[in-house]
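What follows is a short report on a single structure.
Please treat every number below as a calculation from the coordinates, not as lab data. As the structure is a prediction and not an experimental result, all values here were calculated from the model. Quick reminder, even Gly has a Cβ in these numbers, built from the backbone with ideal geometry, and neighbours come from all protein chains shown.
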Amino acid sequence: MPTQEEVYDTLRTCYDPEIPVNIVDLGLVYAVEIHQRRVDVKMTLTARGCGMGGYIAAEAEQKLLELPDVDEARVELVWDPPWDPSRISAEGRRLLGIPEE
């Protein structure tokens, strides 16, 4: 069974192609649930109309399936609560050149 840390480390390798920050540090990942060899992720996008949502979700699923103890991965796009820039981590802010609040 994968650990939360392994799952989040893997998700940190996924990027919105338009933003040079991974989906975890952008604050797009809302929940990770591990059920034995299955990983369920709830995530959002920076904008509801983002055309890259399917690509990002598919990439995240594919990378999670590459973990040795994962047989199934499901990434669900959710819109509640809506994403806003306050969800960006300190590392994400640094990478984007946004001053700390």
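Enumerate by residue number the GluC sites (Glu not before Pro) in the range 1-33 meeting two conditions: DSSP loop (anything except H, G, I, E, B), and at most 12 other Cβ atoms within 10 Å of the site's Cβ.
Loop-located and lightly packed - GLU18.
Counting DSSP beta bridges with both partners in the range 4-83, what percentage is antiparallel, nearest 5?
Percentage antiparallel, nearest 5: 55.
Can you give the calculated 222 nm mean residue ellipticity of the chain, where each DSSP H run of n ≥ 4 adds -39,500 (n - 2.57) and the sum is split over every residue, rounded to the nearest 500 deg cm²/dmol?
So the helix-based figure for the chain works out to -8000 deg cm²/dmol.
Does anything in the range 1-27 have its amide N under 17 Å from the 7 Å Cα→Cβ label point of ASP69, and if so which residues?
Backbone N within reach: 1-11.
Which residues in the range 74-92 have a backbone N closer than 13 Å to a point placed 7 Å from the Cα of ARG48 along the Cα-to-Cβ line?
78-83
Can you give me the Rg/Rh ratio for the range 1-88, using Cα atoms for both radii and the Kirkwood formula for Rh?
0.94
If I fit a long axis through the Cα atoms of helix 53-65 and take the longest principal axis of the Cα atoms of the chain, what angle between them do I get, 0 to 90°, rounded to 10?
So the helix axis and the longest Cα principal axis differ by about 40 degrees.
Set the Förster radius R0 to 30 Å, insert the Cβ-Cβ distance between GLU18 and GLU100 as r into 1/(1 + (r/R0)^6), and round the FRET efficiency to 0.05.
On the way: r = 23 Å, r/R0 = 0.78.
After rounding, the FRET efficiency stands at 0.80.
Under the Karplus relation 6.51 cos²θ - 1.76 cosθ + 1.60, θ = phi - 60°, what is the ordered set of whole-Hz ³J(HN,Hα) values for the range 6-21, x standing for Gly and Pro?
4, 5, 5, 4, 5, 5, 5, 8, 9, 10, 6, x, 8, 10, x, 9
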